Amino acid sequence: MRSFLGRDILSLKDFERAEFFRVFEICDRLRTFAENRRNTDLLKDKTLLTAFYQPSTRTRMATEAAMHRLGGHVLGFADPKMTRAGDFYQESIKDTVHMLEYYADVIAMRHFQQGAPAEAAKWSSVPIINCGDGWGEHPTQVLTDLYTVLREKGTIDGLHFLCIGDMRMRTMHSIGYALTNFDCEVSLISPPEMSPTDEWKKELRSQNLRFREVDHVEKAISDADVIYIEPVVQADYTQSRVERGKKVGTTPSNYKVTRELLLKKGKSDAIILHSLPRMDELPPDVDSTRHARYWEEAFNGVVLRMALLALVLGAVE
Ligand code: CP
């Protein structure tokens, strides 16, 4: 297995099966600090810089919280408008990263342009962690999700994943790539205008992922061990920021998971993951069912980033 020391985390396309389990092993080792709300000094000599060019609640703060839990230092920006990249100068990724690399030992970046973190990695002497790039990928989210599945189900192999939502979405791309490393079946459900691209499907097929496309959640939910749902009423991820308009659409029943549907057709032990934020595709009354695991997923988001930071900064090997 390749070392994580100094490594960029840009995509799950290049993650190997053993590497998933290595990350999850470190998660198990470090999670006790987060569970007990204690900090350790594992990264006391290291600094994280968060460069977020797009809004975030969870990813940025979970990554920063993870660094604090490990005793490290944190700086960064959450509003690019207050940097030279977001004003008159439109400073390039190259010039910006040439500065940021002097300020920290690892850079966590979210950007509205697909490939921006990979571009940053070309110019940075410190590791870049992709925290979501346009429609591209969201590797730390999906590592969090699969770690949650492993903890909740005891396995990832042998499970049927039902992925509902916009298949252009970065989480969907990353989970597709990730699942090629496991013996899983996958059902994909999306509105026609948000359907998987031919290129992505070709990549998944070339890695022998068994998947099918379905048009209504009712036709597949009874097979699902893991329900992985995302909004279909959502923002354009290629924009730096999208304000909510006066009119907001509603989610057709094809792409919704309700309490009633779970009761009528869901597996008794199915679990639901949602990276959040949600719209109306997952009504809040599902939260109190035994199927909901998205709050555990959110907690695991801190643990997962603790593990990644510890690995790429060489605090564990
Ligand atoms: N899950 C996720 O990426 O959430 P944020 O956009 O709030 O970071």
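The values are calculated or read from the model by the stated rules, or taken from the named source; none is laboratory data. Everything numeric in this text was worked out from a predicted model, so none of it was measured. All Cβ positions, even for glycine, are placed from backbone atoms using ideal geometry, and neighbour counts span all protein chains on display. Quick note on the areas: whole protein, heavy atoms, side chains included, nothing else; ligands and nucleic acids left out. Shrake-Rupley method; radii C 1.70, N 1.55, O 1.52, S 1.80 Å.
Of the residues that sit in region 75-96 and are more than 16 Å from the ligand (Cβ to nearest atom) and within 21 Å of Asp8 (Cα to Cα), which one is surrounded by the most Cβ atoms within 10 Å (Cβ to Cβ)?
My answer is Ile93.
Kindly indicate the residue of region 103-124 that is open to solvent by less than 10 Å² (accessible area, probe 1.4 Å) and part of a helix (DSSP H, G or I) and also farthest from the ligand (Cβ to nearest atom) among those meeting that condition. Across region 103-124, the extreme among qualifying residues is Ala120.
Just so you know, in region 262-279 the residues that are under 20 Å from the mean Cα position of the chain (by Cα) and surrounded by 16 or more Cβ atoms within 10 Å (Cβ to Cβ) include one that is farthest from the ligand (Cβ to nearest atom), and it is Ile271. Gly176 meets the conditions (1) over 28 Å from Phe112 (Cα atoms); (2) without any contact (Cβ under 8 Å) to a residue 60 or more places away in the chain; (3) among the small types (Gly, Ala, Ser) in every case but one. The failed one is (1). Scanning region 125-135 for residues that are of a type in the set (D, E, K, R), assigned to a loop (DSSP other than H, G, I, E, B) and not assigned by TED's automatic domain parsing to the domain that holds Val226 turns up nothing. Put simply, of Thr32, Thr59, Thr50, Thr83 the only residue that is farther than 22 Å from Thr140 by Cα, β-branched (Val, Ile, Thr) and out of contact with any His (no Cβ under 6 Å at 6 or more places or on another chain) is Thr83.
So if I check each of Glu152, Glu199, which one is in contact with a strand residue (DSSP E or B) (Cβ under 8 Å, 6 or more places away or on another chain) and part of a helix (DSSP H, G or I)? Let's see the steps before the verdict.
Values: Glu199 fails: in contact with a strand residue (DSSP E or B) (Cβ under 8 Å, 6 or more places away or on another chain).
Going through Glu152, Glu199 in turn, just one is in contact with a strand residue (DSSP E or B) (Cβ under 8 Å, 6 or more places away or on another chain) and part of a helix (DSSP H, G or I): Glu152.
Give all pairs with beta carbons closer than 9 Å in which a residue from region 51-73 that is among the basic types (Lys, Arg) meets a residue that is open to solvent by 10 Å² or more (accessible area, probe 1.4 Å) and within 11 Å of the ligand (Cβ to nearest atom); count only pairs at least 6 apart in sequence or on separate chains. Close Cβ pairs (under 9 Å, with a partner that is open to solvent by 10 Å² or more (accessible area, probe 1.4 Å) and within 11 Å of the ligand (Cβ to nearest atom)) amount to Arg58/Gln141; Arg58/Ser275; Arg58/Leu276; Arg58/Pro277; Arg58/Ala298; Arg60/Ala78; Arg60/Arg110.
With in the same structural domain as Asp198 (by TED's automatic domain parsing), within 27 Å of Asp133 (Cα to Cα), surrounded by 14 or more Cβ atoms within 10 Å (Cβ to Cβ) and in contact with a Cys (Cβ under 7 Å, 6 or more places away or on another chain) as the only criterion, which of Tyr228, Tyr237 stands out? So that I can check it myself, show each step before the final result.
On the way: Tyr237 fails: in contact with a Cys (Cβ under 7 Å, 6 or more places away or on another chain).
Of Tyr228, Tyr237, the one residue that is in the same structural domain as Asp198 (by TED's automatic domain parsing), within 27 Å of Asp133 (Cα to Cα), surrounded by 14 or more Cβ atoms within 10 Å (Cβ to Cβ) and in contact with a Cys (Cβ under 7 Å, 6 or more places away or on another chain) is Tyr228.
Within region 160-167, can one find any residue that is closer than 18 Å to Phe24 by Cα and of a type in the set (Asp, Glu)? I'd like the intermediate steps shown before the answer.
Taking region 160-167 as the starting set, the residues that turn out to be closer than 18 Å to Phe24 by Cα are none.
Within region 160-167, none of the residues are closer than 18 Å to Phe24 by Cα and of a type in the set (Asp, Glu).
Here Leu159 does not fit the description of being buried (at least 17 other Cβ atoms within 10 Å of the Cβ), away from the ligand (no atom under 16 Å from the Cβ) and within 14 Å of the chain's Cα centre (by Cα).
Suppose the filter is open to solvent by 40 Å² or more (accessible area, probe 1.4 Å) and within 18 Å of Glu296 (Cβ to Cβ); does Arg2 pass it? No; evaluated as a whole, the condition is false for this residue. Of all residues in region 2-24, those that are more than 28 Å from Val97 (Cα to Cα) have Cβ atoms under 6 Å from Cβ atoms of residues that are of a type in the set (S, T, N, Q) and modelled with pLDDT of 95 or more, 6 or more apart or on another chain, in Arg17/Asn181.
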